[in-house]
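Single-structure report; data block below.
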Amino acid sequence: MDARAEALEAQRTQARTRRGGAAGWARKLLAQRYLQAMALLGVAWMLVFNYIPMYGLIIAFKEYNIIKSVGEAPWVGLTHFREFFSDEQLPGVIRNTIGISLLKLIVGFPLPILFALFLNELRSVRFKKAVQTISYLPHFLSWVILGGILTTWLSDVGVINKFLQALGLIRDPVDYLASPGYFWTIVVSSDIWKELGWSAIIYLAAMASVSPEMYEAATIDGAGRFQKMQYVTLPGIAGTISILFILAVSGLLNSNFDQIFVMRNALNDSTSNVIDIFVYQTGISQSRYSYATAVGLIKSVITLGLLLGANGILKRMNQSTLF
Amino acid sequence: MFALKRRTRGEAVFDGINVLLMLVICFVTIYPVWYVLVNSLNSGQDAMRGGIYWLPRVFTLDNYAAVVDNPGIVTAMGITVAKTLVGTVLHVFFTAMVAYAFSRRELIGRNLYMILGTVTMIFNGGLIPTFLLIRDLQLLDNFFVYIIPAMFSFFDLIIFVSFFRELPQGLEEAAKIDGANDLVLFLRVVIPVSLPVVATIALFHGVWQWNDYFAGVIYITQNTELQPIQTFLYRVVAQNDTSQMVTAAAGGITKSVTSNSVKMATMVVTTLPIVLAYPFLQRYFVKGLMIGSIKG
């Protein structure tokens, strides 16, 4: 078939489908029945495991208990939301959630960028590879394992106390995980320790795609190492930074449940009780399903707002955005 | 002209400090892991005197013997291996299958399906409605609670779709002429040529399955036989419930074993498979992370 005949045939097919309407559509559907079956299995999974829980959110506005189904439970309007806003735990929960997350954003967001910048300046490729391989090892360890290490290290007979005592910085040992004042610092620094290398991968990859000619041009213009980092490398990865920043901001209320759940205890509760922990405690431990769902819903809505807000602001600044 | 790159003094100082900085970071990263290893290889009784930092003082394998001797730990390890293998195979297969269908432009309803999926990435029902669903599905205290709710991920689907889009058209046409339907095409043609992305997703999900302790904490309410090793460790670490460890220590091989030293040995055993596997899979996940984050 030559090109003209092919075009003609395509035209005819198009006309047929247009004229055929329902019949043509049904024929097409039949032809892709295997494909549809594959797709619909996925859609069915999403309906069950994503959309039924979204429907389940209505129990935030109901008085749900085990005996009645979600549909049968009586409506109570905004009762649970009001209850949360007058809950005496609220100020602490908000302070801890925002405090930990902001610290992670302020300290934990720029550090991987700095690390990647300096890693990028290493002359020996083999050394660079070795540092990278070592630096993302902790990413693959679970928070349970790290929690185990931390509880051993931070106890009053642990490595940290021994070290500080040997240096003469402290006289009496401190049980760090039992002292609320240290909790935020421990959470933020251990998170950085775990994810520094891993977070840097994406920046390093972005740096690898900055054109070498830019560096040559900067060298000719007499730029030094720091100037090249500042005027060539950083602008080169600005798009990547922008996208990761949106994700970081939208995660402000997600204070890394897995981590805090492992490291919290009754003694540090005043600084370790974040929204996600609060939802778990009231919902799962105390079976106050409707109340916990209401609190979770407030969190989800704020998170969505943060995502759209950060995205909108960066869009106005003409940066790369998610959508 | 520029061929002769001579380092100025300032540059040499910069390089020196940079290398030193990197060495410090590497040490800080590795040392906690080394510490656990050293302590797991030291007699527990002796370790209580403190001061084990660099090498074992009283070398022994008793801690590992106690781990192997403890039926609770062995069962939990078996659950972890099972859930990681079954969970990863099903997750990769199922997500890839759906992704393949979603990647084909002629799929009727494709836009609607994609919108349904995208919504799940930015909004979800949260902890409690999900828990109630799992309960209503009779998945509490059921091994499949590790598998079925984790079988699909729209985020991973996007990574698969962007990979499948790059495959040459001719490949599919040739198989179709030979009479293959879409399912056969997917299994016999698409999967075999998509090994890099399959390996990436398998690694990510496998690590997640191996490390996840939360499903065991919340969905395994009665039957502790079903808890994975990470949940077992969680109860030991966070809830300070060393009773299971102490049984191993008391009834165990020798007196030199303590609950702490068995804990160290368990941590090593739990982590070893991942530490051994990851250097081999490195080249895959760097690529996978790139695709994932940029398209995400």
Quick one: accessible area per residue over the protein assembly as shown, 1.4 Å probe, rounded to a whole number of Å²?
49 Å²
Table column - 3J(HN,Hα) (Hz), the range A:61-67, Karplus curve with 6.51, -1.76, 1.60, x for Gly and Pro:
9, 10, 9, 8, 9, 4, 5
Give, as ranges by residue number, the residues of the range A:233-276 whose backbone N falls under 11 Å from the point 7 Å along Cα→Cβ of A:Thr185.
none
With the 8 Å Cα cutoff and a minimum separation of six or more residues, chain B has a relative contact order in percent of 31 percent
Using the basic label-point model (7 angstrom from Cα toward the beta carbon), what is the B:Val89 to A:Ala31 distance in nanometres?
3.6 nm
Which of the listed residues, A:Ile66, A:Leu29, B:Val268, is farthest toward the dipole's positive end in the protein assembly as shown, when Lys, Arg count +1 and Asp, Glu count -1 at the beta-carbon?
A:Leu29
Going by accessible area, probe 1.4 Å, with all protein chains left in place, what is the ranking of A:Leu119, B:Leu183, largest first?
B:Leu183, A:Leu119
Could you check the simple spin-label distance between A:Glu88 and A:Leu111, using points 7 Å along Cα→Cβ, in nm with one decimal?
3.6 nm
Rounded to the nearest 10 Å², the accessible area of B:Trp54 at probe 1.4 Å:
150 Å²
Roll a 1.4 Å probe over the protein heavy atoms and report the accessible area of B:Thr242 in Å², nearest 10.
40 Å²
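Taking loop as defined by DSSP and a crowding limit of 12 other beta carbons within 10 Å, which GluC sites (Glu not before Pro) in the range A:179-237 fit?
Values: sites: A:Glu195, A:Glu213, A:Glu216; in loops: none.
Taking the range A:179-237 and a limit of 12 other Cβ atoms within 10 Å, no loop GluC sites (Glu not before Pro) are found.
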Placed amide H near A:Lys62: partners under 5 Å, 5+ positions off or other chain
A:Val76
Exposure ranking of A:Ile220, A:Ile260 by accessible area [1.4 Å probe, largest first]
A:Ile220, A:Ile260
With every protein chain left in place and a probe of 1.4 Å, what is the accessible surface of A:Glu83, to the nearest 10 Å²?
70 Å²
Exposed loop sites here are trypsin sites (Lys or Arg not before Pro) in DSSP loop states with at most 16 other C-beta atoms within 10 Å. What is the longest stretch of chain B lacking them?
B:166-254
Take the alpha carbon atoms of chain A, find their radius of gyration, then divide it by 2.2 N^0.38 Å using N residues; give the quotient.
1.39
Comparing A:Gln89, A:Gln281, A:Gln165 in a Gaussian network model of chain A (Cα, 10 Å), the one with the largest mean-square fluctuation is A:Gln165
Between A:Leu90, A:Leu40, A:Leu164, where does the largest GNM mean-square fluctuation fall for chain A, given springs only between Cα atoms within less than 10 Å?
A:Leu40
When only C-alpha pairs under 8 Å and at least 6 residues apart count, what is the relative contact order of chain A, in percent?
24 percent
On a C-alpha basis, how far is the centre of the range A:224-246 from the centre of the range A:49-120 in Å? Whole number, if you could?
33 Å
Span-like helix ranges in chain B, DSSP H, alpha carbon extent 18 angstrom or more, Kyte mean at least 0.0:
B:9-40, B:71-103, B:110-122, B:195-211, B:259-295
Choice from A:Tyr289, A:Tyr55, A:Tyr136 with maximal GNM fluctuation in chain A (Cα, 10 Å cutoff)
A:Tyr55
So if R0 is 56 Å, what FRET efficiency would B:Tyr31 and B:Thr118 give, r being the distance between their Cβ atoms, rounded to the nearest 0.05?
0.85
At what distance in angstrom do the alpha carbon centres of the range A:258-314 and the range A:121-152 lie from each other?
29 Å
Go ahead and run the numbers for FRET between A:Val48 and B:Ser162, Cβ-Cβ distance against an R0 of 22 Å, rounding to 0.05.
0.30
Largest-first ranking of A:Ile298, B:Ile134 by accessible area, probe 1.4 Å, whole protein assembly kept, is A:Ile298, B:Ile134
Computed helical MRE - 222 nm, the protein assembly as shown, DSSP H runs ≥ 4 contributing -39500 (n - 2.57), nearest 500:
-21000 deg cm²/dmol
Pseudo-spin-label distance A:Leu169 to A:Leu41, built 7 Å along Cα→Cβ, given in nm, is 5.6 nm
Determine the shielding of peptide B:23-30 by partner chains: average, over its residues, the number of Cβ atoms on other chains within 10 angstrom of each Cβ.
5
Taking Cα pairs closer than 8 Å and at least 6 residues apart, the relative contact order of the range A:14-126 in percent is 10 percent
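The values are calculated or read from the model by the stated rules, or taken from the named source; none is laboratory data. The shown structure was predicted, so the numbers you read here are calculated from the model rather than taken from an experiment. When we count neighbours, we look across all protein chains shown, and the Cβ atoms used for this are built from the backbone with ideal geometry, even at glycine. SASA here: full protein model, heavy atoms, side chains in, ligands and nucleic acids out. Shrake-Rupley method; radii C 1.70, N 1.55, O 1.52, S 1.80 Å.
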